[in-house]
Amino acid sequence: MTINEAIGAFLIFTGSLFYVLSSLGLIRMPDVYNRMQTATKSATLASLGVMIGVGIYSPCCFPKALVIALFLLLTNPISAHALIRAAYRSGIPLWEGSIVDKYKEALKEEGEQ
Amino acid sequence: MGEASKVSRYLYTVIILFVIWLFLTNSLDPQELTMGFVLSLIIAALTYQVFTKYGLSNLHPKRILYTVAYIPYFLWAMIMANLDVAYRVLHPKRPINPGIVEIKTNLTNDIAKLVLANSITLTPGTMSVDVKGDRLYIHWIDVKDPSLEGASKHIGKPFEKFLRVIFHDDN
Amino acid sequence: MTIIEVSLVLIAIATVLSMYRVFRGPTTVDRIIAIDIMTTITTGLMVLFALYYKRAIFLDVALVYAVLAFLGVIAFARYLEGGL
């Protein structure tokens, strides 16, 4: 096992652990918003880890793996943002333990104008 | 700062498209290079008006330097965010304290605001819900300071000094 | 069993775990979020398959899959907001 294979395998393994973590977050958190938070963050870092790891493991694939990783890094937050806004607008309430909601006030002000 | 000339915007688009082509094809064969160059010229002619506003001045050394400095900072913030998430998910009592707060940003450029919102989404415990003018609405998993000033200082400020230089926000 | 095979098994477990949220719900957005996460995980799985079977063509498949999944999620979000 050469040194770059070792580094690549380490990154791939860490990435897959974070994938498992993101699906655990999906199961354990109490409402849509918290699920989205935990799942999106760890899934994005996990994809970054797996793809850079694959690129380092076999250097011939590095540019293309990097392109996929950058694409996911750009689009994952955007789709999370779009979904979370859609969730709020379609009337899903925050978890009952939430302590502040400034967005509701802003939407109400907008409605009055 | 106004818009750059058409030639500079066109050349910038060609350069970016050709670099993407190089990454996708992953070969230096002359046929591939010629085809990619011709395609870049054609596509750039069709899209340069929506693709960029500032043209070649995006490739100014100072901006590239700040972009390169932003990457490790951002990656570090992301790894911290994930350790934070791991702690919250695996802790048996689920220590969360969520809420939606409002923050104010000084950035005026649309792309800069997009990158700010994306960076906020990927860093510890925060996720952007909506952008209205200079206000961002952030879902925060562990609210420490619900006031406007405190939250802005806590969430947005660290990124803004990089993004202001990278995306031409000179005011 | 090499470390790559262990990672493949872990990713498969992650997919099955997020499947739980798809069946359980309780709201539509929960299911769509779970599917979004599943597509991200599947993209990672495809890239890892490209390494495991030594076929670079799987990387192109993963790229196209990522683009299509992104478009699908955006379309779902527009639909939920009532803009479609």
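A short reminder: the numbers here are calculations on the coordinates, not readings from a lab. The structure presented is a predicted model; accordingly, all values stated were derived computationally and were not measured. Using ideal geometry, Cβ is built from the backbone for each residue, glycine included, and neighbour counts are taken over all protein chains shown.
Listed from fewest to most Cβ neighbours within 10 Å, the set A:L73, B:L116 follows the order A:L73, B:L116. Once the Cα-Cα distance is subtracted from the 0.36 nm per residue extended length, the B:S27 to B:M80 segment shows a gain of 15.4 nm.
Modelled spin-label separation between C:V9 and B:N97, with each label point placed 7 Å from Cα along the Cα-to-Cβ direction: 4.1 nm. With semi-axes defined as the square roots of five times the eigenvalues of the C-alpha gyration tensor, the equivalent ellipsoid of segment B:6-58 measures 22, 10, 8 Å, largest first. Built from the Cα atoms of segment C:3-81, the convex hull projects on average onto 5.3 nm², one quarter of its surface area.
What is the ratio of the Cα radius of gyration of segment A:1-80 to 2.2 N^0.38 Å, where N is its residue count, to two decimals?
Values: Rg = 13.9 Å, N = 80, 2.2 N^0.38 = 11.6 Å.
It is 1.20.
For A:R28 and A:L66, a Förster radius of 30 Å and the Cβ-Cβ distance give a FRET efficiency of 0.40, rounded to the nearest 0.05. Hydrophobic, long helices, defined as DSSP H runs whose alpha-carbon span along the helix axis is 20 Å or greater and whose mean Kyte-Doolittle value is at least 1.6, occur in chain B at B:6-25. The alpha carbon radius of gyration of the protein assembly as shown, expressed as a multiple of 2.2 N^0.38 Å, is 1.02. Structure note, pairs B:K93/B:K161; B:K113/B:K144; B:K6/B:K161; B:K53/B:K153; A:K41/B:K157: Cα-Cα distances above 26 angstrom occur for B:K93/B:K161; B:K6/B:K161; B:K53/B:K153. Positive contributions from Lys and Arg (+1) and negative ones from Asp and Glu (-1), summed over other residues with Cβ under 15 Å from the Cβ of A:P77, come out at +1.
Remark: the B:S5-B:L59 segment gains 18.0 nm on full extension, using 0.36 nm per residue and subtracting the alpha carbon distance. Packing here is the average count of other Cβ atoms within 10 Å per residue, and on that basis the peptides C:37-49, A:52-64, A:3-15, highest first, run C:37-49, A:52-64, A:3-15. Calculated on the alpha-carbon coordinates, the convex hull of segment B:60-166 measures out at 82 cubic angstrom per residue.
The distance between label points at A:S90 and B:R135 comes to 2.5 nm (points 7 Å beyond Cα on the Cα→Cβ vector).
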